[in-house]
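Colleague: Dropping the structure in here first, questions after.
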Amino acid sequence: MAGEKVVSFFQGDHKRLDALFVKFQENKKDSPAKARDFFREFKTGLERHILWEEDILFPIFEKVTGMQSGGPTTVMRHDHQEIKAALESVHECVLSEKFDSDNAEKTLLELLGAHNWKEEKILYPIIDNMTTEEDREQIFSKIKGLPEKKSSCCHLED
Ligand SMILES: [Fe+2]
Ligand SMILES: [Fe+2]
């Protein structure tokens, strides 16, 4: 989309993922199969989102600022490791018969909440300031050029 900003695009994706997670939680009790579908879509989307950031977005910040390690993107990459571990904990619960993922969900939501806030309020606006509209068009076209990949999840294979 012409004139799209990093902050609006990525914040929009955070919101989309948050909504999928809510749908997963809402369906857990009465429609576990439906809940698993929502979880799978959430997991696929979150993994893609992290890939967009780590492989496409963060390298731009690192290149322009020369901050390869010890800067904000290092902190964000570290957050992603914790988020992925928490995501896997929820995933394991979703796979199990008991489906007892309340604690794991809480941990994941806390990590994501704090992480997304830092990105939306600090990192994305900085990247918007340091890039031109043309740079951003390149970012979004790279994102669109990445092949869709379903996450392996809940023993479902495509
Ligand atoms: Fe992130
Ligand atoms: Fe993000």
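The values are calculated or read from the model by the stated rules, or taken from the named source; none is laboratory data. Predicted model only: the values in this text are computed from it and were never measured. All Cβ positions, even for glycine, are placed from backbone atoms using ideal geometry, and neighbour counts span all protein chains on display. Just the protein is used for accessible areas: all its heavy atoms, side chains included, with ligands, DNA and RNA removed. Shrake-Rupley method; radii C 1.70, N 1.55, O 1.52, S 1.80 Å.
Colleague: Scan segment 10-28 and give yes if some residue there is without any contact (Cβ under 8 Å) to a residue 60 or more places away in the chain, of a type in the set (Asp, Glu), away from ligand 2 (no atom under 11 Å from the Cβ) and more than 26 Å from Thr131 (Cβ to Cβ), otherwise no.
Modeller: Yes: segment 10-28 contains one or more residues that are without any contact (Cβ under 8 Å) to a residue 60 or more places away in the chain, of a type in the set (Asp, Glu), away from ligand 2 (no atom under 11 Å from the Cβ) and more than 26 Å from Thr131 (Cβ to Cβ).
Colleague: Has segment 75-82 got at least one residue that is away from ligand 1 (no atom under 12 Å from the Cβ) and either part of a helix (DSSP H, G or I) or touching a helix residue (DSSP H, G or I) at 6+ places or on another chain (Cβ under 7 Å) (or both)?
Modeller: no
Colleague: Next question. Look through segment 94-103, keep the residues that are touching a residue at least 12 places away in the same chain (Cβ under 8 Å) and open to solvent by 20 Å² or more (accessible area, probe 1.4 Å), and return whichever of them is nearest to ligand 1 (Cβ to nearest atom).
Modeller: Filtering first and then ranking leaves Leu95.
Colleague: Counting just the residues of segment 66-124 that are among the acidic types (Asp, Glu) and closer than 20 Å to Asp18 by Cβ, which one comes out modelled with the lowest pLDDT?
Modeller: The extreme case among them is Asp102.
Colleague: If you scan segment 51-71, which residues turn out to be open to solvent by 10 Å² or more (accessible area, probe 1.4 Å) and within 11 Å of ligand 1 (Cβ to nearest atom)?
Modeller: Across segment 51-71, the qualifying residues are Leu51, Trp52, Glu54.
Colleague: If you go through segment 109-149 one residue at a time, how many are acidic (Asp, Glu) and away from ligand 1 (no atom under 16 Å from the Cβ)?
Modeller: Residues flagged as acidic (Asp, Glu) and away from ligand 1 (no atom under 16 Å from the Cβ) within segment 109-149 amount to 5.
Colleague: Could you look through segment 25-44, keep only residues that are more than 16 Å from ligand 1 (Cβ to nearest atom) and under 16 Å from the mean Cα position of the chain (by Cα), and pick out the one that is least open to solvent (accessible area, probe 1.4 Å)?
Modeller: The qualifying residue least open to solvent (accessible area, probe 1.4 Å) is Phe39.
A quick yes/no check of all residues on (1) away from ligand 2 (no atom under 16 Å from the Cβ); (2) in contact with a Cys (Cβ under 8 Å, 6 or more places away or on another chain); (3) without any contact (Cβ under 8 Å) to a residue 24 or more places away in the chain:
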site: Phe58; (1), (2), (3): no, no, yes
site: Arg77; (1), (2), (3): no, no, yes
site: Lys106; (1), (2), (3): yes, no, yes
site: His115; (1), (2), (3): no, no, no
site: Glu120; (1), (2), (3): no, no, no
site: Ile126; (1), (2), (3): no, no, no
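Colleague: For segment 20-41, indicate whether the set of residues that are closer than 22 Å to Ile139 by Cα and part of a helix (DSSP H, G or I) is non-empty.
Modeller: no
Colleague: Could you please let me know if Glu133 is open to solvent by 70 Å² or more (accessible area, probe 1.4 Å) and touching a residue at least 12 places away in the same chain (Cβ under 8 Å)?
Modeller: Yes: the conditions hold for Glu133.
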